[in-house]
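What follows is a single structure, written as structure tokens, with notes after it.
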Amino acid sequence: MSSDERQHSKFEEALEVKSLRRIISAYLNYSEAAEEDVRRYESSYKKLPPAHKALLSRFPSKCQRLRRCISINSYFILNMLQAFEPPLDMSQDIDICEHEHLEDVSADHLPCEGRDFCSCPSASTSGRTCFPETNQTHCGIGSNLICNSQKEMTISEDVQVQNFCGSVNGNLSSNSGYSRQSERAGCDDVKVVDNDMELNSVYGANRTASSYAHDWLDPSLQLKVPLVDVDKVRCIVRNIVRDWAPEGQRERDQCYKPILEELDRLFPDRLKDRPPSCLVPGAGLGRLALEISCSGFISQGNEFSYYMMICSSFILNHTQTAGEWTIYPWIHSNCNSLSDNDQLRLVSFPDIHPASAGITEGFSMCGGDFVEVYSDPSQEGAWDAVVTCFFLDTAHNIVEYIEIISRILKEGGVWINLGPLLYHFADMYGPQDEMSIELSLEDVKRVAFHYGFQLEKEKTIETTYTANLRSMMQNRYNAAFWTMTKRQVKT
């Protein structure tokens, strides 16, 4: 390998490490950013004339309550980060990550993550916000499976970072190649290595990430990140409610229940010895993929966002009992609150213990860009069903998404979709001029028909996304719901 190639490989890995540090730093900055908000509230209160202060005499005590809520949220975040095992060597020389070309790495430089997981009306006229972050390939949340890439798509044989892939009910093992350039995390070579229900992690011999104490949580390695990064953490907190709290049951019934009922209808004779396979791109915090597994499918969730994967890994692998954790998800907005008690109410989660939920053997989470991961030839005709929920509009090129979904389905396979067309990159303006193909629903279906799909069922479902049920304002979507079948080729 030439010296230029070696230098390029080091640069790519350094960029990955810095990007992951930025995400971790966003989590670590959560508490201080929230405290800064409270100080701003207090500053505004102090400017009031005495008569107005007298009318709002409970405001100082509310600020103290907010601080206690922030402390509880921060406690959960710290526990989550302490359980996280980075797939990169976070102990490498920090000087590498201060390469002159990395100093200008910003949110605009980094590609937007694969799933638009937040509803933040203030951040965008569209109502949902695109959150840029690192390219990443990270196979697996969970654990009694080994996931190997079929091909080691590394720039260099000397610089590799392992993907890791697994299911919720056993031990996590890592053993595959990685490169930022390829972003591939093929999860085709998956096998059971342990049926034990212990929730711990065992790493393969090829693991390069440090297994020592969590030095990467050292404050000296913490980056100063923009507030938009911290806002992603707040969005993750709200997504916990959607996927894992009793309060999110209504949204799950609106979005997940129709999908689960359709899968049950289409696969009535599921056999435990040969369960059908189902892929869930844009799996977020993993609840839908888990529910599909519990319904008797070999289910795999795919997620691109490290913000999501860090949190879903913790909930799926490290939760000991239902209701173990408490957060205050609604404290970061003073707008549209019916009362202070509504705004400052606690939410316990998870509503179920994932490892005791009755998953089907083979459940896994695979991290990486959907296009890169599932364009691998090994994925062709590999899936009985693909479920997309609030996912299609996250594409740069929705035609490419549909083409890949068709390719990876078996003949006669099923595609179930639910979601709007609030295109993720539609409002992205900047020097990179992000590609964004924005089709009408009519054109989306026309493209699907071109790639061999036949419409079996279609309707509109009204739903929300990470909505605060007690807020005076809620964004509602008239989401498209359909079932399509990939036509069999006549012989």
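The values are calculated or read from the model by the stated rules, or taken from the named source; none is laboratory data. All values reported here derive from a predicted model rather than from experimental measurement. Ideal geometry is used to build each Cβ from the backbone, glycine not excepted, and the neighbour counts take in all protein chains shown.
What to note about this one:
- Number of positions in the stretch 216-239 that are more than 15 Å from the chain's Cα centre (by Cα) and outside any loop (DSSP other than H, G, I, E, B): 8
- Every condition in (1) modelled with pLDDT of 95 or more; (2) crowded, with 21+ Cβ neighbours inside 10 Å; (3) within 20 Å of Trp216 (Cβ to Cβ) is met by Ser31 except one, and the failing one is (2).
- You will find that of Ile352, Ile359, the residue that is farther than 30 Å from Glu438 by Cβ, touching a residue at least 24 places away in the same chain (Cβ under 8 Å) and surrounded by 22 or more Cβ atoms within 10 Å (Cβ to Cβ) is Ile359 and no other.
- Count of residues meeting criterion [buried (at least 19 other Cβ atoms within 10 Å of the Cβ), on the phi > 0 side of the Ramachandran plot and not aromatic (Phe, Trp, Tyr)] in the stretch 363-393: 1
- Residue match in the stretch 453-464 (condition: in contact with a helix residue (DSSP H, G or I) (Cβ under 7 Å, 6 or more places away or on another chain) and at positive phi): no
- Boolean, Pro268 is loosely packed, with under 15 Cβ neighbours inside 10 Å, farther than 21 Å from Val386 by Cα and at pLDDT below 95: no
- Close pairs from the stretch 25-36: first outside any helix (DSSP H, G or I), partner surrounded by fewer than 18 Cβ atoms within 10 Å (Cβ to Cβ) and of a type in the set (Lys, Arg), Cβ under 9 Å, at least 6 apart: Asn29/Lys224
- Meets criteria (at pLDDT below 95 and within 21 Å of Ser31 (Cα to Cα)) for Tyr328: no
- Scanning the stretch 62-73 for any residue that is within 21 Å of Arg238 (Cα to Cα), within 22 Å of the chain's Cα centre (by Cα), at pLDDT 95 or above and of a type outside the set (D, E, K, R) turns up at least one such residue.
- Out of Lys490, Lys457, sole residue that is modelled with pLDDT of 95 or more, of a type in the set (Lys, Arg) and either over 30 Å from Arg234 (Cβ atoms) or in contact with a His (Cβ under 7 Å, 6 or more places away or on another chain) (or both): Lys457
- When Val371 is tested against the conditions (1) assigned to a loop (DSSP other than H, G, I, E, B); (2) under 23 Å from the mean Cα position of the chain (by Cα); (3) under 21 Å from Asn302 (Cα atoms), the lone failure is (1).
- Taking the criterion of being part of a helix (DSSP H, G or I) and among the polar types (S, T, N, Q), the residues of the stretch 37-60 that qualify are Ser43, Ser44.
- Candidates Leu279, Leu290: the one that is surrounded by 24 or more Cβ atoms within 10 Å (Cβ to Cβ), modelled with pLDDT of 95 or more and closer than 25 Å to Ala83 by Cα is Leu290.
- Per the listing Asp393, Asp427, Asp351, Asp433, the residue uniquely in a helix (DSSP H, G or I) and either modelled with pLDDT of 95 or more or out of contact with any helix residue (DSSP H, G or I) (no Cβ under 8 Å at 6 or more places or on another chain) (or both) is Asp393.
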